[in-house]
1. What is the dipole size for the chain, taken about its Cα centre, with +1 at each Lys and Arg Cβ and -1 at each Asp and Glu Cβ, in debye to the nearest 20?
2. Over the chain, give the accessible area per residue in Å² for a 1.4 Å probe, as an integer.
3. How far is the Cα center of the range 303-318 from the Cα center of the range 61-124, in Å?
4. Tell me the carbon and sulfur percent of the accessible area for the range 117-230, rounded to whole percent, probe radius 1.4 Å.
5. Given 134/329; 94/329; 134/431, which pairs have Cα atoms separated by over 31 Å?
6. Can you give the calculated 222 nm mean residue ellipticity of the chain, where each DSSP H run of n ≥ 4 adds -39,500 (n - 2.57) and the sum is split over every residue, rounded to the nearest 500 deg cm²/dmol?
7. From the Cα gyration tensor of the range 478-521, with a ≥ b ≥ c the square roots of its eigenvalues, which class applies: rounded if a/c is under 1.5, or else prolate if a/b is larger than b/c, or else oblate?
8. Picking from 145, 263, 240, whose Cα lies most toward the positive end of the charge dipole for the chain (charges on Cβ: Lys, Arg +1; Asp, Glu -1)?
Amino acid sequence: MTSSDAIVIGGGHNGLVCAALLARAGRKVTVLEAGSETGGAARSEEFSPGFRVSSIAHVLNRLHPDVVASLDLEKHGLQTLVGGGMPSVALSEKGEPLTLRGAYGEVLVGASASEQAAWQELRAQLFRYAGILKPMLSRRPPDLNGMALGETLALGQVALALKRLGKEDMRDFLRVILMNVADLLDEQLEDDRLKGLLAFDATLGSHLGPRSPTSLLGLYYRLAGEAGGLPGAQMMPKGGMGSVVAAIGSAAGAAGVSIRADTVVDKILVENGRAVGVELAGGEQLRAATIVSAINPATTFLDLVGPRELDTGFVRKVSHIRMKGDAAKLHLALDRPPEFLGVDAAGHRGRLVIAPSPNHVERAFNPSKYGEFSPEPVMEITLPSLADSSLAPDGACVLSAVVQYAPYALREGWTKGKPKFQKAILAQLEKFAPGIGKTIRHAELLTPADIEARYRMPGGHWHHGELQADQMLMSRPVFGADGYDTPIAGLYLCGAGSHPGGGVSGAPGLNAARRIIAMKG
Ligand SMILES: Cc1cc2nc3c(=O)[nH]c(=O)nc-3n(C[C@H](O)[C@H](O)[C@H](O)COP(=O)(O)OP(=O)(O)OC[C@H]3O[C@@H](n4cnc5c(N)ncnc54)[C@H](O)[C@@H]3O)c2cc1C
């Protein structure tokens, strides 16, 4: 039966953004979400009695301004950025941390005067170069089969921005673009703490070490994001990432989107090469002229559509998308707030990073190439209950950490490996916050395999597919399904696996909605 103009499969934040924009454009839209609530990897949940946390994504640094504006998210309860956002603290075992304050280090505290000067120069250059790539985030990647006027103009904008850099900067931009981050940092900086932090940020969420070719691209992707209009800024939303999803969900509801939770889509129905509806796990069928998949591209094509409907070459490309995650998530319910060595009260409310040097990050990465976890992992820690007391009982504290490297396909298997990895993480934490171990009431560690099972993210991958040069732009997720269209008429993609990639940005959802509206799909 036809009950909607469009069905969106998956109620993660991208699915909700796309649904809300389609509904605002006059479509009757239904979102089908497998979980009991929407938000996907951007939910907030209770992980121990009285302790709540952003279950996977915990730092907001790239929600696209066009998403915020076009859905009036501030009116729907999106919290705005306070000051320059939260600081980043590069922790040190010796109790001498280094702090980046303001939007990604306008002010650097704890480094020598010469390092501060070198950082200001590098910071300005990084933002200039990230700014070149920024217009691409909110557009379709160029269509090699023939560009529409809008796409040609967008590319023209990038070329113009490049030209505006001037000859010397343009040459340097082209020199560094595919470099590894460690080499660039070694060229310009001295302080291992600062270099370690930047190396960590460049490789977060990917299967790359700082010395892997092209690892600098990850830093540009990070810095092309913004919060509250400030490039590179970051915040922990009050109530956790779930409050961002609640604002998007409220905008979707106000636009008339209907959401069905606890509804697993098993099949995309295809007739004569055209998507005509979906079949749910219980066998119920729903029909619509437009089907939008906000879930992983490989699941979409290989499981829901099925290889019989697709060209063999296309199936091969899809089955080769690299998407084995390396990032784990740790949640600790603590009796009291921990004290990280040398960190002040403002720093404890920031993003605390254990990545003492690029070499340390590289050494942490090495074992993951062979299916082993890092014995001395690197991590990004937040203490969200310090800024939002509703997240923990009185006097107690929540610790949330993204920890690398934890290969999805651990050679010994995660049943055996998980307790050992947890021990390694806690030992690492103890070095930087002595005594923390004694205050742990409850610990929850989610490996990529857990993330896959709980959030239906294949490989537990941050971006639903590696965000590396060969899986970007018109090769994202693969050539033939780039730009949100697919080989199946009436079927579109709109999740993190599509351009420009993952993170809580809403950009794939935004761009896909624009495409579908333009196609009158
Ligand atoms: C460890 C880790 C830490 C991260 N930290 C951050 C961070 O701090 N900041 C940040 O910006 N990003 C972070 N990310 C990345 C971010 O979480 C994701 O890129 C983002 O949530 C992807 O959003 P999405 O809407 O595209 O997909 P998802 O959030 O994966 O949503 C997809 C939805 O589809 C549903 N679904 C799947 N299959 C079906 C089906 N068959 N039928 C119906 N529904 C289905 C799922 O249940 C889910 O709700 C992190 C990722 C990881 C793995």
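The values are calculated or read from the model by the stated rules, or taken from the named source; none is laboratory data. Quick caveat, the model's predicted, so the values are computed rather than measured. Backbone-built Cβ (ideal geometry, glycine too); neighbour counts: all protein chains shown. For the accessible areas, the whole protein counts, side chains as well, though only heavy atoms, and no ligand, DNA or RNA atoms are used. Shrake-Rupley method; radii C 1.70, N 1.55, O 1.52, S 1.80 Å.
1. 680 debye
2. About 39 Å² of surface per residue is accessible.
3. About 43 Å separates the Cα centre of the range 303-318 from the one of the range 61-124.
4. About 58 percent, which is the carbon plus sulfur part of the accessible surface.
5. Violating the 31 Å Cα-Cα cut-off are 134/431.
6. Here the helix-only value at 222 nm equals -10000 deg cm²/dmol.
7. Note, shape of the range 478-521 comes out oblate.
8. Most positive-ward Cα: 145.
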